[in-house]
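K.L.:
Below you'll find the structure I mean.
The values are calculated or read from the model by the stated rules, or taken from the named source; none is laboratory data. Just so we're clear, the structure is a prediction, and the values are computed from it rather than from any experiment. When we count neighbours, we look across all protein chains shown, and the Cβ atoms used for this are built from the backbone with ideal geometry, even at glycine.
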Amino acid sequence: MPWKRATDPGRHLAVAAAIPRSCAGSKAPPGPLRASAMSRQDEDILTDLLIIGCGAAGASCALRAAQAGLSVVVLSNAADLSESSSDHAQGGIVARPPGDTADDLARDITAAGDGLCDEAAVRLLADSVPEIVDRFLVEELQVRFNRDPEGGLDFTQEAAHSRRRIAHADDATGHAICVRLLAAVATEPRIQVMARQSAVDLITIPHHSVEPSAIYREIECLGAYVLDQQTGETRRFLAPNTVLATGGVGQLYLHTTNPRVARADGLAMAYRAGADIVNAEYVQFHPTAFYHRDADRFLISESVRGEGAVLRNKRGEEFMAAYHPMGSLAPRDIVARAIHDEMLRHGDDYVLLDLSPVSMDPKVRFPTIHATCLQYGVDITREPVPVVPAAHYFCGGVRVDAWSRTSLRRLYAAGEVSCTGLHGANRLASTSLPEAILWGQRAGEDAARRHEPLDASFADRIAVWQDEGLTEEIDPLLIIQDWMMIKSTMWNYAGLVRNAKRLHRAVADLSYLAHRVEQFYRETKLADSLIGLRNGIIAAQIVADAARRNGTSRGCHYRQD
Ligand code: SIN
């Protein structure tokens, strides 16, 4: 059989699976080297900074790095650059209304994080909010947030915030921000954005070095192998620094508010390269995703409940009062579990969100939600919305410091793929956009500050991609079936309510599937769907294994046992 890849992650993963999660992969030996004698490719792309992912973190990083003089390449595996979780964010972004303080915000973030937040990360974000919202988004990018009658920002309410402090652009805040970010990126001549480019693996030394003595060197990242979906070619993108900004893991679950690109690519790539991953058991479930047989789950923003909407079961009972004094606006994990409980108790597929108490016209205040529900025959101005909980946000990720540096040299991570420590065991609503922007900017600034061009011959010392002779095309049914298995395993056994039995089953079933997927990957011509599946099964194992190891309920990791 022709060998296919420049790396052999199979062995790497097998070793890593047996070691504690907190250092997963980082001490694992590199896979056997499969380098080609010829080590330079005409199609190589060289840049000062490679950014994988084009949401709020990737775009903010690119802007700051380019403004500091670096040449930047930004990759997206989607055809449409607006396919990012940032773009899908509805409710808003924490801002600083008159009378609010950094201390108050820090207190709310810390309370939501349930004792696991990193104090320095919380302080950094809380102090930076005016800089991010007022200076960067409003003044520099001119994002059009809703305004109050006096012309100030309009603030809405979300669960677990001690006051109204969420700036918003109707119910499509992420989109309003991303549109302006991408417009700014497009006018910056030093940034090249490339769509339909799927990163396959990070290029790391020693794993991809052609020099046997490289095994004595500290792991460092020099770019990525990237599949061009249009030509089918896999090229080397080489850079002295690389940033992962690939978003979260929502697609590992049967129900998610995340777009299709949130399939954990960055997490799996970082894991294979040996980066530290932390807090992977903390997956936040949003209580209210639109439920309809024919529709992808679609977020029904928490700000809808912030403006007065209440949850009812199918019998019309306002059940949240029995679960928490804050009723429908209780912390997100409590509401999500209460809905789960209510559905199980009555054998229902969904509960209902009743907007009749909302004082504003829902069509005006929530135009996107109104239009989307209407497409599926639900008029939110006249009837309740069927909702279910759905995987929403990954609080764990690739461990980074205040400058977005991972545990590997020359590798940064920002946005949902990373774990800054800000969210601890559970995230406070509307803190992920400012986190993505802040840590994205800091990655760009740090990469510019530390930039040193690589010497001219470094490309000769890195293995080229080899997959000649592989002709077997992908059978799409295999991909669909394997994803169904991942999603249902994660939803049922590593979802909202976890216990030892379920998690053991999850780990065992996923491990069995992982071997099959790896075989599939090695024998089949590369395609974006295969890259996604391979990353999905690895990320699912990371999350399930972390959940299995942690027997303590905390934040959004809820152990029934
Ligand atoms: C929402 O609009 O409910 C989502 C806000 C968030 O998750 O930050």
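K.L.:
If I ask for residues that are in contact with a Lys or Arg (Cβ under 9 Å, 6 or more places away or on another chain), farther than 28 Å from VAL335 by Cα and not in a helix (DSSP H, G or I), which ones from the stretch 472-523 would you list?
P.N.:
GLU472, GLU473, ILE474
K.L.:
Looking at ALA89, ALA95, which one is aliphatic (A, V, I, L, M), within 16 Å of the ligand (Cβ to nearest atom) and modelled with pLDDT under 95?
P.N.:
When all the criteria are applied, what remains is ALA89.
K.L.:
When you scan the stretch 294-301, do you find a residue that is in a loop (DSSP other than H, G, I, E, B), more than 16 Å from the ligand (Cβ to nearest atom) and touching a strand residue (DSSP E or B) at 6+ places or on another chain (Cβ under 8 Å), even just one?
P.N.:
No; the residues of the stretch 294-301 include none that is in a loop (DSSP other than H, G, I, E, B), more than 16 Å from the ligand (Cβ to nearest atom) and touching a strand residue (DSSP E or B) at 6+ places or on another chain (Cβ under 8 Å).
K.L.:
From ILE177, ILE215, ILE203, which residue is part of a helix (DSSP H, G or I) and either closer than 25 Å to LEU75 by Cβ or within 16 Å of the ligand (Cβ to nearest atom) (or both)?
P.N.:
ILE177 is the lone residue from the list that is part of a helix (DSSP H, G or I) and either closer than 25 Å to LEU75 by Cβ or within 16 Å of the ligand (Cβ to nearest atom) (or both).
K.L.:
Being within 16 Å of the ligand (Cβ to nearest atom), closer than 26 Å to ASP296 by Cβ and modelled with pLDDT of 95 or more: is that true of THR372 here?
P.N.:
yes
K.L.:
Let me ask something additional. Checking HIS346 against (1) surrounded by 17 or more Cβ atoms within 10 Å (Cβ to Cβ); (2) more than 16 Å from the ligand (Cβ to nearest atom); (3) in contact (Cβ under 8 Å) with a residue 24 or more places away in the chain, only one condition comes out false. Which one?
P.N.:
Result: HIS346 fails condition (1) only.
K.L.:
Just need a number here: residues in the stretch 212-228 that are touching a residue at least 60 places away in the same chain (Cβ under 8 Å) and surrounded by fewer than 16 Cβ atoms within 10 Å (Cβ to Cβ).
P.N.:
Residues flagged as touching a residue at least 60 places away in the same chain (Cβ under 8 Å) and surrounded by fewer than 16 Cβ atoms within 10 Å (Cβ to Cβ) within the stretch 212-228 amount to 3.
K.L.:
Given ASP561, ASP509, which one is among the acidic types (Asp, Glu), free of Cβ contacts under 8 Å to residues at least 60 places away in the same chain and at negative phi? Steps first, answer last, please.
P.N.:
Numbers: ASP561 fails: free of Cβ contacts under 8 Å to residues at least 60 places away in the same chain.
Unique residue meeting the criteria: ASP509.
K.L.:
I'd like to verify a number: residues in the stretch 230-261 that are farther than 16 Å from ASP44 by Cα, assigned to a loop (DSSP other than H, G, I, E, B) and either hydroxyl-bearing (Ser, Thr, Tyr) or out of contact with any His (no Cβ under 9 Å at 6 or more places or on another chain) (or both), how many? Talk me through it step by step, then tell me what you get.
P.N.:
Start the filter on the stretch 230-261 by keeping residues that are farther than 16 Å from ASP44 by Cα, which leaves 230, 243-261.
From the residues that got through so far, the ones that are assigned to a loop (DSSP other than H, G, I, E, B) too are 230, 245-249, 253-255, 257-261.
Of the ones still in play, those that are also either hydroxyl-bearing (Ser, Thr, Tyr) or out of contact with any His (no Cβ under 9 Å at 6 or more places or on another chain) (or both) are 230, 245-247, 249, 253-255, 257, 260-261.
Number of matching residues: 11.
K.L.:
Between a first residue in the stretch 78-99 that is within 22 Å of VAL129 (Cβ to Cβ) and among the aliphatic types (A, V, I, L, M) and a second residue that is part of a loop (DSSP other than H, G, I, E, B) and within 14 Å of the ligand (Cβ to nearest atom), which pairs have beta carbons less than 7 Å apart while being 6 or more apart in sequence or on different chains?
P.N.:
What qualifies is ILE93/SER430; VAL94/ARG165; VAL94/SER430; VAL94/THR431; ALA95/ARG165.
K.L.:
While we're looking at this one, here's another question. Among the listed residues ASP170, ASP134, ASP148, which satisfies the condition of being out of contact with any Gly (no Cβ under 7 Å at 6 or more places or on another chain) and within 16 Å of the ligand (Cβ to nearest atom)?
P.N.:
ASP170
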